[in-house]
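Data first, discussion second: the structure below is written as structure tokens.
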Amino acid sequence: MYNVLLVDDEPIVKIALRTMIHWDELGFPICGTASDGKEALNLMKKLKPDIIITDLKMPNMDGLQFMRELNAQNYKGKVIVASNFGDYELVREAMLLGAVDYILKISIQTEGLITQLRQTATLLQEEQHTLQEQEEKDRFLRNNLKSVKNSILKDYFTDTNYDIHHFLQNQQIALNLWTTPCYLFYITFDLDASDEHRVKGNISASFIENTILNLIETVNDMEVFQVDANSIIALIPVHQLKEHHMEPIDFMSKICKLIEMYISLEPIIVFTKEFVGYDEARRKYWVCMDAMQINFYHHHAVIDVSEVEFALNMGQTNYVDYSTSVLQQWQKDGKDSIKSRLGSLAQQCKRKQIHPDTVKEFIMKCLDYIPLSESKIQVHDAERYKNHSKNIAKCKTMDELLSETWQAFECLNIFPEVSTLPILKKEVQDVIQYIESHYQDKITLEMIADHVNFSENYLCRVFKEQVGTSLITYINQVRMNKAADLIMKGSMYMKEVASLVGISDQFYFNRLFKKQFGISPSEYKPRQLASKRNS
């Protein structure tokens, strides 16, 4: 259906046109009539005609001026002009102004008028189709540019070396928040890889953006983009929340409710105080990531970064002294007593709000140190012990950390002395005795293998199965224990101590010693004396 407006100052012409064809049945209903261009212009907004049939000579405003006004208003419909004989110059000018056809009033015929209307309708259809195609192209381009922009914002926020100004050379991509006070909201979901929502892909930047639009009803001057599979950043201008009479905490509460209503998942939202600029936004993002670790101690669905402050060290507690005290308690009260000691450490860390990374690093150092601190500590399942130690770095909660730590302790046993173990094969005992007698010399695997008449490969495998550690590690352990005794008993230079335990390279000696005891050789004696005084 295409609405038609008739414009002519002669009523008889308008009546003739009305009665000449069945306008409605043909799909061209007459939506109105006017007597001149000025009157027609006043009807345009209300009637919105698709086709205008207008006379050229009219009072007040003629057809040509009417067409000029239509062009100024960017009229998208089509104009057919009606003229008399001799109006050829006027018709030519009308065609130049955009008229698609003309009719001679004196010779107008039914079939000819219908043909002209149908041809005009075809033009409108083609233009409408072209317009739709262009709109689709524009929409695709906008979406593609938005996708590129979001991808680059993700790289900028997650890579501290990324230069955001490089892609701004593309004039089609615009960032509008450089000078606008904003809040940053980091929205994430703690999902397992097997979670069905993750598989379905329900969590996306567009989903969060649409959820936000339910609240603030505008997409202008707002950035929402995905930084990983389950996490989104939203930069919301301060004025937008104020216009909707919302504080950040109110906004987040409503977002949480909407997300839970749509996908039955509780998000974790971390938010900041207001700031200005993308550079500061990136810094705030990393602050949010760090603040979220408060959930290591207790779950929070909403986190205000200004209320999170971690201690970055363990205070007066060092891992060597702590490990020593753990071993003493173990020997005194049994392995199970370590559980309560670990629990006390956890409570202390929670009370002091020690950074989770600091706590994990402390525990991992303890687990590295304990098997090397005394020869009577044996690892009966080295692979399992190693895996639990590695898993500590991935723990998201204190409960997970305590569980992994205890399972690592389950892999340890205390024996009176390695060299007197009745379960050791005679050949392994011979190896241990050989090492005790020759640790000051340059010992090679070939020498030890010849001594017990084993192949080197078989010797290494049997020794590790029996003792729980590699032969080389055990040799270094014996040497470092001997070095520690020498340091405590005398006042020799460290180079002399290294030489007395069979190591000519002092730098290598220092590295081995620190690996075993966690401190340098020069620090060892003062630390041990201080520990004894404290005890």
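The values are calculated or read from the model by the stated rules, or taken from the named source; none is laboratory data. Quick caveat: nothing in here was measured; it's all calculated off a predicted structure. In this analysis, Cβ positions are derived from the backbone assuming ideal geometry, glycine residues included, and neighbour counts consider all displayed protein chains. For accessibility, only protein heavy atoms count, side chains too; no ligands or nucleic acids. Shrake-Rupley method; radii C 1.70, N 1.55, O 1.52, S 1.80 Å.
Below are the figures for this structure:
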| item | result |
| --- | --- |
| Identity of the residue in region 96-128, open to solvent by 80 Å² or more (accessible area, probe 1.4 Å), among the polar types (S, T, N, Q) and closer than 19 Å to PRO29 by Cβ, that ends up modelled with the highest pLDDT | GLN119 |
| In region 1-14, the residues that are part of a helix (DSSP H, G or I) and either among the acidic types (Asp, Glu) or surrounded by 13 or more Cβ atoms within 10 Å (Cβ to Cβ) (or both) | VAL13, LYS14 |
| So VAL320, is it in contact with a helix residue (DSSP H, G or I) (Cβ under 8 Å, 6 or more places away or on another chain) and more than 30 Å from THR179 (Cα to Cα) | yes |
| Residue in region 440-457 that is under 23 Å from ILE370 (Cα atoms) and open to solvent by 40 Å² or more (accessible area, probe 1.4 Å) present | no |
| Scan of region 311-339 for residues that are in a loop (DSSP other than H, G, I, E, B) and open to solvent by less than 30 Å² (accessible area, probe 1.4 Å), ordered by number | MET314, GLY334 |
| Verdict on ILE414 being at pLDDT below 85, under 48 Å from the mean Cα position of the chain (by Cα) and under 30 Å from ASP336 (Cβ atoms) | yes |
| Residue check for GLU465: open to solvent by 80 Å² or more (accessible area, probe 1.4 Å), under 24 Å from GLU383 (Cα atoms) and without any contact (Cβ under 8 Å) to a residue 60 or more places away in the chain | yes |
| Test: residue in region 54-62 that is assigned to a strand (DSSP E or B) and surrounded by 20 or more Cβ atoms within 10 Å (Cβ to Cβ) | yes |
| Matching option when the condition is modelled with pLDDT under 85 and open to solvent by less than 10 Å² (accessible area, probe 1.4 Å), among ILE232, ILE259, ILE263, ILE216 | ILE216 |
| Count of region 256-293 residues which are within 27 Å of ASP159 (Cβ to Cβ) and either without any contact (Cβ under 8 Å) to a residue 40 or more places away in the chain or under 18 Å from the mean Cα position of the chain (by Cα) (or both) | 22 |
| Some residue of region 480-502 being in contact (Cβ under 8 Å) with a residue 40 or more places away in the chain, open to solvent by 30 Å² or more (accessible area, probe 1.4 Å) and of a type in the set (Lys, Arg) | yes |
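Okay, residues lined up against (1) polar (S, T, N, Q); (2) within 30 Å of ILE249 (Cβ to Cβ):
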site	(1), (2)
MET314	no, no
SER325	yes, no
ILE338	no, no
ARG341	no, no
THR358	yes, yes
MET364	no, no
ASP368	no, no
ARG384	no, no
